[in-house]
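Working notes for the structure below.
The values are calculated or read from the model by the stated rules, or taken from the named source; none is laboratory data. The shown structure was predicted, so the numbers you read here are calculated from the model rather than taken from an experiment. Cβ coordinates were reconstructed from backbone atoms using ideal geometry, including for glycine residues, and neighbour counts include every protein chain displayed.
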Amino acid sequence: MPDINQDLHGNVPDKSAVALLLIDVINDLEFEEGRQLLESALPMARKIAELKKRARAVGVPTIYVNDNFGRWQSDFSKILAHCLEDDVIGKPIAEILEPERDDYFVLKPKHSGFFSTTLDILLEYLEAKTLILTGIAGNICVLFTANDAYMRDFRIYVPSDCTASNTMEDNEHALQIMEQVLKADTTPSTELDFEAIKSDAERKPEEDRKPEPQTPQFARKEARS
């Protein structure tokens, strides 16, 4: 049997214990609540752009995890061109967060970035142990991706200023769920210490981490008198 490929045939030369995921940020927002979402997504995009610069400076790769929006014949470049060149609601977000040449991308057919995608394989080759999740919508695709990341034993960060949902209430509720149930760290992006996050991920392999308290799956039955 041949040795395992070390770099996905040259397409994934990076190795990083930490990865930054941008979920559905290349988005035309052409739906009923799109303009409402844009109001909170614009400040979110600016925060993500600054976070991405800091990540790049310390060698943390960025992965765009994007919906195909039901266009099964589309690829990421076509979706990006649509959001940048056409007169769509989400154009300002795409302009702020336009991918760079060495960023990665994964197209997803459903809510979670892991469901029926190549994200698992990419993260395996990167040797990532910790994921920083950002994007739209906090209470749907970010939440679903965080849930699947938690099931795969990734350490999760979801900066509270780097997600947006249709309403602030929806977003806050999703952040609470991710923090309480999925053990996500929701520290704002401006307070994240990339060097500390990288050091922690590299020093403590998942098999050596202390087991976290299990979330109860079933309500206890009251003892019968």
Residues within segment 108-127 that are under 20 Å from residue 45 (Cβ atoms) and either over 13 Å from the mean Cα position of the chain (by Cα) or outside any loop (DSSP other than H, G, I, E, B) (or both), tallied: 1
Subset of segment 149-190 that is in a helix (DSSP H, G or I) and of a type in the set (Val, Ile, Thr) - its residue that is nearest to residue 32 (Cα to Cα): 177
Per-region count, segment 28-63, residues in a helix (DSSP H, G or I) and either among the basic types (Lys, Arg) or more than 16 Å from residue 194 (Cβ to Cβ) (or both): 18
Answer residue from segment 139-157, given it is under 21 Å from residue 76 (Cα atoms) and in contact with a strand residue (DSSP E or B) (Cβ under 8 Å, 6 or more places away or on another chain) and is surrounded by the fewest Cβ atoms within 10 Å (Cβ to Cβ) among those: 141
Matching residues in segment 128-148 - criterion: being assigned to a helix (DSSP H, G or I) and not aromatic (Phe, Trp, Tyr): 141, 142, 143, 145, 146, 147, 148
Selection status of residue 218, within 26 Å of residue 61 (Cβ to Cβ) and either at pLDDT below 95 or not in a loop (DSSP other than H, G, I, E, B) (or both): no
Search result, residues across segment 191-215 that are outside any loop (DSSP other than H, G, I, E, B) and modelled with pLDDT of 85 or more: 191, 194, 195, 196, 197, 198, 199, 200, 201, 202
Condition check for residue 104: over 16 Å from residue 16 (Cα atoms), of a type in the set (Phe, Trp, Tyr) and in contact with a strand residue (DSSP E or B) (Cβ under 7 Å, 6 or more places away or on another chain): no
